Amino acid sequence: LNEGEDSEERGRILISLMYNSQQSRLMVGVIRCAHLAAMDSNGYSDPFVKIYLRPDMGKKAKNKTQIKKKTLNPEFNEEFSYEIKHAELAKKTLDVSVWDYDMGKSNDFIGKSRSWFANILNFLINSL
């Protein structure tokens, strides 16, 4: 995870991707984060993950995990699915961002990652 372009690493995230061609569904698993940047004065964060399938598919494209309190190494083990035709996958991008929940204030941005399905699909096709 990075704060932005050309910035320092602010943690790591493990995500699983699976496409079910029979149901035309992309399954995105948010497994865990590790070594997240501490955003709170207690030396921890209260992290949650937002995932967003672009270009915009409306509210169905946005999901977020539950908040994990006082940890820099949260375990999420949550799965989200998107109905999408296989031919459309290469045109999509998955934005993944990690946030620190702050009650009564705006949440703190920890970092982001971006997956381009065209690159992933090309790798899978060429490695078969």
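The values are calculated or read from the model by the stated rules, or taken from the named source; none is laboratory data. Computed from a predicted structure; not experimentally measured. Positions of Cβ are backbone-derived with ideal geometry, glycine not excepted, and every protein chain shown enters the neighbour counts. In case anyone asks, the SASA skips ligands and DNA or RNA and just uses the protein heavy atoms, side chains included. Shrake-Rupley method; radii C 1.70, N 1.55, O 1.52, S 1.80 Å.
Okay, here's what the table says:
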{"quantity": "Extreme residue, least open to solvent (accessible area, probe 1.4 Å), among residues of segment 9-39 that are free of Cβ contacts under 8 Å to residues at least 24 places away in the same chain and hydrophobic (A, V, I, L, M, F, W, C)", "calculated": "14"}
{"quantity": "Scope segment 41-58; condition surrounded by 14 or more Cβ atoms within 10 Å (Cβ to Cβ) and either modelled with pLDDT of 95 or more or assigned to a loop (DSSP other than H, G, I, E, B) (or both); matching residues", "calculated": "44, 45, 46, 47, 48, 49, 50"}
{"quantity": "Filtered residues of segment 80-102 (kept if charged (D, E, K, R) and touching a residue at least 24 places away in the same chain (Cβ under 8 Å))", "calculated": "83, 85, 91, 92, 95, 100, 102"}
{"quantity": "Selection within segment 59-98 - assigned to a strand (DSSP E or B), open to solvent by less than 60 Å² (accessible area, probe 1.4 Å) and within 21 Å of residue 11 (Cβ to Cβ)", "calculated": "63, 76, 78, 80, 93, 94, 95, 96, 97, 98"}
{"quantity": "Matching residues in segment 1-31 - criterion: being more than 11 Å from the chain's Cα centre (by Cα), at pLDDT 85 or above, of a type in the set (D, E, K, R) and not in a loop (DSSP other than H, G, I, E, B)", "calculated": "25"}
{"quantity": "Criterion: within 17 Å of residue 17 (Cβ to Cβ), in contact (Cβ under 8 Å) with a residue 24 or more places away in the chain and of a type in the set (S, T, N, Q) - qualifying residue of 77, 42", "calculated": "77"}
